[in-house]
Every structure is written in C-alpha cells, then in structure tokens.
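A.B. asks: Supplied in structure tokens, the structure appears directly below.
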Amino acid sequence: MEIFKPESKLNIPLVIDGKEVCISLSSESNSESLFSCQSPIENYESPYQIVEGFSYEYMVPDDYCLEASENVFPFRTNKNGGRILPNTDVGTLSIKVINLASSSFGIINIEVRSIKTDYRTEYQYMLKDIAEKSVDLLLHHSSPASQYFAVDTHSDAKTLYQRFAFIKSIIETEEFKNSINKITSSPVTKWKETEVVQDIRNVKRLRGSALRQLASENNRIRLPEGHPLEKSLGSIPSRIRVNHKSETVDTPENQFVKHALITFENFCENIRSKVEPTSRLSKEAGALANKLEQFLNHSTFREISKPSLLPLNSPILQRKEGYREVLRVWLMFDLAAKLIWKGGDDVYSANKRNVAVLYEYWLFFKLLEIVRDILK
C-alpha cells in the first residue's frame with residue numbers, strides 16, 4: 001500500500017544552531033515526481049522522495065546554501081538557490097546545508113526512487129540479489145578467473161559500508177535465521193566431569209578416591225553394630241567428594257558460533273559510532289544489532305563461555321547443518337575485512353547508487369543463471 005502522496009512542492013525542515021531552516025524543492029519537469037510521508041516508513045527511507053532522471057529546483061533562506069556536489073548545482077547569481085539532478089543515482093541522497101554566517105551545517109536526506117523498478121520491492125530485491133552473487137563470485141574457490149585484491153590496512157567509511165552491506169544481506173535472510181534456529185534447537189553437546197560433595201548414602205559406586213576418603217575425611221558418623229565395616233573403620237564421613245558427569249553445550253563449536261554473533265553485533269555498533277545518529281545507516285546498523293542480540297539472548301548461548309581457540313578445522317563446523325553456514329559467513333566476513341574490491345563500490349556504496357550500472361549487473365547474473373542451466 002502506497003503511503004506517500006504526490007506533492008507540488010516539498011518543504012524539508014532542518015534545525016541548525018537551534019534555528020529551524022526550511023528547504024523548498026520543486027520539480028522543473030514533472031509535477032508528479034515529488035512525494036512526502038509523515039507515517040512510519042519501512043527500510044529507513046527518507047520521508048522526502050524524488051525520482052531519478054528529473055531536474056529539481058531548490059531554495060533556502062538567506063545566509064544559507066547547499067554544498068555543491070555531483071548532484072547539487074547552486075546558481076551562480078544566487079547561492080540560495082540551485083538545481084538538484086539525481087541523474088541515474090538511486091537511494092539516499094545526503095546533502096549538506098551550510099550556515100554562511102557561522103559555517104555550521106546540517107544534513108538533509110532525500111530518497112531518490114528508481115523509475116524503472118518498484119523502489120520498495122523490485123529495487124531492494126535487485127540490490128540483495130547482486131550483493132549475494134557478487135560475494136559468491138569473489139570468493140568462489142573454483143572460479144576459472146583470477147581476481148586481484150588489495151589489503152585494506154586503513155578502512156575508510158566506504159569500505160566499512162561494503163562490509164556492513166555484505167553482512168546485512170546475509171544475516172537478514174531466512175537461511176541464516178534457520179541456521180541459528182537449527183543450532184539452538186539441536187546444539188552439539190559433550191560430557192563434562194565435575195567434582196561434587198554428595199551424601200554418602202546416595203553414592204552408588206565407590207571408586208579409588210572415594211575409598212580413600214572413607215578413612216581420611218572429617219565430619220564422621222558412627223557405623224551401626226554389625227555393619228561389615230564397623231570393626232575396620234568404626235565410622236565413615238557423612239559426605240564425600242565424587243565425580244559427576246553432565247551434558248553441556250559449552251563446546252568449542254558452540255563457542256565459535258557465539259563468538260561470531262558477538263563479532264557481527266560489535267561491528268554493527270562500531271558502524272553506528274562512525275555515522276550520524278539520525279542517518280539511515282545508523283538506523284539499519286541498530287536494527288541489525290538488535291536482531292543479533294535476539295539470537296544471543298537464547299538460553300543456549302547463555303551457557304556458553306568465551307572461546308580459547310577457534311576450531312575452524314572442526315568436522316562439525318564444516319559439515320553439520322547450521323554450523324557450516326555460520327562458518328561460511330564468518331570466513332567471508334573475515335576476508336571482507338581485509339579486501340578492497342573496486343567493483344564493490346557499485347554494489348555496496350553507501351546511500352546512493354547508479355541504478356543503470358546495477359541493472360546491467362543484475363541482468364548479467366540472470367543471463368549467467370540461464371546459460372548455466374541450459375549448458376549444465
């Protein structure tokens with residue numbers, strides 16, 4: 001259901017230095033290419049939306065201006081006005097509004113819709129599809145082509161967003177959710193042996209250490225007359241220490257899964273600390289961190305301790321359903337932390353993306369699937 005309504009003009013409010021500034025936006029070519037919404041919006045979109053490929057004229061109050069960029073062109077004769085040209089860039093367009101008197105600024109976010117696809121269904125599906133297939137191509141062990149990577153020792157915001165977009169595209173899938181559910185519903189367990197103090201009347205089998213305690217432990221009780229041990233011992237301790245076996249989920253494999261989820265959650269929180277709290281990226285990272293926290297709140301993970309080592313060569317991690325999917329995501333995420341891929345700028349670039357290039361990528365992947373299915 002469409003919750004946006006067409007507008008003849010958009011008035012976008014912004015507070016700078018405690019004062020409200022209004023940026024007005026009107027279309028130069030199509031009066032039905034401006035939209036606004038005051039209701040809650042899915043996918044953390046901006047409530048102010050325009051359409052790719054059209055031209056828009058903006059005006060700001062005196063003593064303010066919009067920072068020039070590849071999409072923003074101030075008038076030469078009047079710095080308070082200018083044009084916004086989204087071209088084929090689709091997504092969130094962040095524009096800096098500058099106070100000329102104090103040099104302080106604020107940010108407005110405008111959502112640029114795709115004209116070729118439905119923005120909230122087809123376009124978002126296309127982005128997710130491209131992201132998943134791009135990662136598979138990059139890291140496919142049997143790829144016939146060689147891909148050259150550079151190690152990124154100083155990750156900038158763009159590279160961080162590539163990593164975030166990758167992890168988001170996987171964690172939000174039903175496949176990953178089902179993998180975690182399989183682990184929590186049927187976790188790998190092991191037997192652990194602990195020493196407990198037990199009433200001697202409840203001890204069923206006496207081993208060597210327990211027999212020695214019969215003669216040496218304090219807090220003793222006298223044996224009744226006629227008892228087989230009365231003449232040799234006279235008394236026995238009321239409680240002794242015995243070894244007790246119990247089943248636990250605190251295994252190296254489960255420790256690894258918990259460590260991976262905590263790592264992903266910490267990464268999302270790190271993303272939030274590096275961007276504006278009101279930005280779309282901050283909201284997306286917060287939502288993903290909350291989802292990971294829900295996984296970690298399961299009773300299974302509460303019993304699991306921190307890992308002393310990462311058992312990456314464990315047959316359970318490599319073969320057991322649920323575990324192998326988490327291991328795959330972890331390895332790919334760890335690799336993404338070290339690599340810069342030039343093509344990733346088109347797929348994972350923060351905020352706005354070139355929809356024409358993305359559409360070409362998506363068509364290529366679909367043609368690849370068709371050819372692969374035909375030629376086996």
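A.B. asks: Relative contact order for the stretch 5-115 using alpha-carbon pairs under 8 Å, separation at least 6, rounded to a whole percent?
C.D. replies: Numbers: 261 pairs, mean separation 28.0, N = 111.
Worked out over the stretch 5-115, it gives 25 percent.
A.B. asks: In whole Å and largest first, what semi-axes does the C-alpha gyration tensor of the stretch 58-119 yield when each eigenvalue is scaled by 5 and square-rooted?
C.D. replies: Equivalent ellipsoid semi-axes, largest first: 25, 13, 8 Å.
A.B. asks: Still on this structure, I have one more. Can you pull the one-decimal nm distance between simple spin-label points at N270 and H227, each 7 Å off the Cα toward Cβ?
C.D. replies: Roughly 6.3 nm, to one decimal.
A.B. asks: Additional query: Quickly work out the D63-to-V197 label distance, labels modelled 7 Å from Cα along the C-beta direction, and quote it in nm with one decimal.
C.D. replies: Here the answer is 7.7 nm between the modelled labels.
A.B. asks: While we're looking at this one, here's another question. What per residue convex hull volume, in Å³, do the alpha-carbon atoms of the stretch 5-89 yield?
C.D. replies: About 115 Å³ per residue, rounded to a whole number.
A.B. asks: Multiply the residue gap between S36 and L100 by 0.36 nm, knock off their C-alpha separation, and tell me the result in nm, one decimal place. Could the numbers behind the result be given before it?
C.D. replies: Working: separation 64, 0.36 × 64 = 23.04 nm, distance 2.80 nm.
Additional length available on full extension: 20.2 nm.
Coordinate-derived values only; no laboratory data. Note that the coordinates shown come from a computational prediction; the quantities given were computed from them, not determined experimentally. We place every Cβ from the backbone using ideal geometry, glycine too, and count neighbours over all the protein chains shown.
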